[in-house]
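Presented below is the structure to which this report refers.
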Amino acid sequence: MKKIVLLISLTILLSQAQVGRTETVGYTTYDRQYGGPTVSWCRVNPVGNNILVYWIYSDLNPSIDRNMRCNIYDFSINNWYWPEGMNVYPQYSGFGNIDYDPGSGKTIAVTHQTWNNALTPVCAREISGGLFEYSIGPANYVWPLISVGYNQAIHCIMMHNIARDSLWYSKVQPWNIWSTPINISSPAPSPRYPNYNIHTSKISNKVLILWQVWADDGQNRAFYRLSNDGGINWQAPTQIPFPPSQGLVPSYTTTSLFGMFDCQDNFHIVASVSDTQQTIPAEIWHYCPSNTTPWSLIHHYNAQTLAAPVGYNAIFATRPSIVQNPTNHYLYVVWEQFDSLNYEPTTFLARADIWIAESPDNGLTWRNQTRITLPDSTSKRFPCAGGVVADTLILSYLVDSVAGQELYMQGRTTRNPIVVQRIPIPLTGIAENPILQVSGFTLSISPNPFSSHTTIRFTLPASNQASLQIYDVTGRLIKSFTDNQQLTTNNYLTWNGKDNNNQSVPYGIYFIKLETENNRIVQKVIYTK
């Protein structure tokens, strides 16, 4: 019961600072969800009438309990299967993605595990009610990704664990029968890292494979390969042309590529590019060769001031994913974008927020580029657009309590929420009232964690009525600072761990909310012994 109350409370507090509705569906201490592009780890399943979310889970440091965890939202009961998700595999696992069978509606997932002393891809297929059966793939392949095709074939790409210098393809059809892997990137250059993706049509037998290749001159290239008959025959690898960027030499990044097939069965690719060998400026582009103008710019980001770098395997705007509204055919792109002025003081790394954009004309033009999360003391990472239900865009991301990746000793281990956010569409109303980082409106807490007292520092826009309140994890108000003269005259307050009745509160997690008529910031503080 305490866990359920905590989930509800966190959802309420997050919702106060986000666009749309947010739900915490699980947690993980493993904040490096993947090193390459966005993979399909959030999926709207119209056949099964559910939402699928699939992430790398751990609750220990070191992560000896690592597994792939899943949560499923069932529209028929309007609820999630589990408060914090459930492990998909019975043993140590990691990496992969999730999809659904367009024929049966069953959930299909993949990961890699150790079998007979060799890393091996393993597919999981839902039997019922969150129970899975498993299919063991060929030995010595890692970082598998799958996409389920129209004819119910499971298409899988992966990297050979010994050579790690080529991209391989295998098909699972029928269940439990894996085809002999073939080198799918040859004769084009091969990736040497999991910087690839795979996407299938749900209305035909088309399969699209994408990958990025590092270049000696720093201008990294990208390729795709297409099959029109369910992976039996493949067109030759095709280099994706560079987008017509203005003022920079575009280079595809490790985190660039994501694709989809639209309702007319044409493929679309979204890509992030940077100026060669730089992390900024950064751009998000859309590519559809069937459009009269194949390339369209979604977003350009360039900061005037850089207060901190972005960290491992990222540029300032990256990891785009794309979905289509099946009703009006609008396209939606979601990506992570780092704030050059909002950084984590313990790691000196920039924090990220989630951005979206929409296209009403199949990607020819883009509008309503909008930040949908509020800059605060967390970093929102690895977003994935899952799909559209009615008038709502579904997406998921990780809320990293400390910017940086603990695996690379960038900050301490933290228990980070996995969040699903539901955005009302079209985006016109949101774009008219976007979340803005107001100049002169800040909140910081130090020390954090604290044992005796902590200083709450803030700045307010001129002549603003303000309140500062502290809540516990159940959402109960603990302490109020409502003296507007005190708040507007001073730029700090001290909290000694006592409530409005001057009674000491229990040790634990609290949330401090600074609010004016038009703006709100919520930050977490830990009171400890």
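If you take all other residues with their beta carbon under 13 Å from the beta carbon of P449, and give Lys and Arg +1 and Asp and Glu -1, the sum is +3. Cysteines of the chain lacking any other cysteine Cβ under 4.7 Å from their own Cβ: C70, C123, C156, C263, C288. Across all C-alpha atoms in segment 267-386, the radius of gyration and Dmax reach 14.7, 49 Å. The mean sequence separation of alpha-carbon pairs under 8 Å and at least six residues apart, normalised by the residue count of segment 308-413, gives a relative contact order of 25 percent. Considering helices alone, the calculated mean residue ellipticity of the chain at 222 nm is -1500 deg cm²/dmol, with DSSP H runs of length four and up weighted by -39500 (n - 2.57) and normalised per residue.
With only the Cα atoms considered, segment 68-216 has a convex hull volume of 130 Å³ per residue. Projecting the Cα atoms of L248, I136, Y169 onto the charge dipole of the chain, computed from C-beta unit charges around the Cα centre, puts I136 farthest toward the positive end. For segment 280-336, the relative contact order works out to 29 percent when only alpha carbon pairs closer than 8 Å and six or more residues apart are counted.
This model, with +1 at the C-beta of Lys and Arg and -1 at the C-beta of Asp and Glu, gives the chain a dipole about its Cα centre of some 800 debye. Neighbours of L341 by Cβ distance under 15 Å: Lys/Arg scored +1, Asp/Glu scored -1, total -2.
Across segment 42-51, rounded Karplus estimates of 3J(HN,Hα) from the backbone phi angles (6.51 cos²θ - 1.76 cosθ + 1.60, θ = phi - 60°) give 10, 9, 7, 10, x, 6, x, 6, 8, 10 Hz, Gly and Pro being marked x. Label-point separation (nm) for N161 and D391, each offset 7 Å from Cα along Cα-to-Cβ? Simple spin-label model gives 5.0 nm for this pair. Note on S452 and I182: the extension gain reaches 91.0 nm, defined as 0.36 nm multiplied by sequence separation minus the Cα-Cα distance. Dipole of segment 2-432 computed with +1 at Lys/Arg Cβ and -1 at Asp/Glu Cβ about the Cα centre; of N61, V148, C42, farthest Cα towards the positive end is N61.
Where the only charges are on Cβ atoms (+1 Lys, Arg; -1 Asp, Glu), what is the dipole of segment 228-368 about its Cα centre, to the nearest 20 debye?
In debye, rounded to 20, segment 228-368 gives about 160.
Any chance you could check the Cα centroid distance between segment 302-351 and segment 53-99 for me, in angstrom? That distance is 24 Å.
Taking the square roots of five times each eigenvalue of the Cα gyration tensor of the chain, the equivalent ellipsoid has semi-axes of 39, 26, 21 Å, listed largest first.
Summary value for the chain: 11 percent relative contact order, contacts being C-alpha pairs under 8 angstrom separated by 6+ residues.
Read the figures in this text as sums done on the coordinates, not as results from a lab. Quantities reported herein were computed from a predicted structural model and do not represent experimental measurements. Methodologically, a virtual Cβ is constructed for each residue, glycine included, from the backbone with ideal geometry; neighbour enumeration extends over all protein chains shown.
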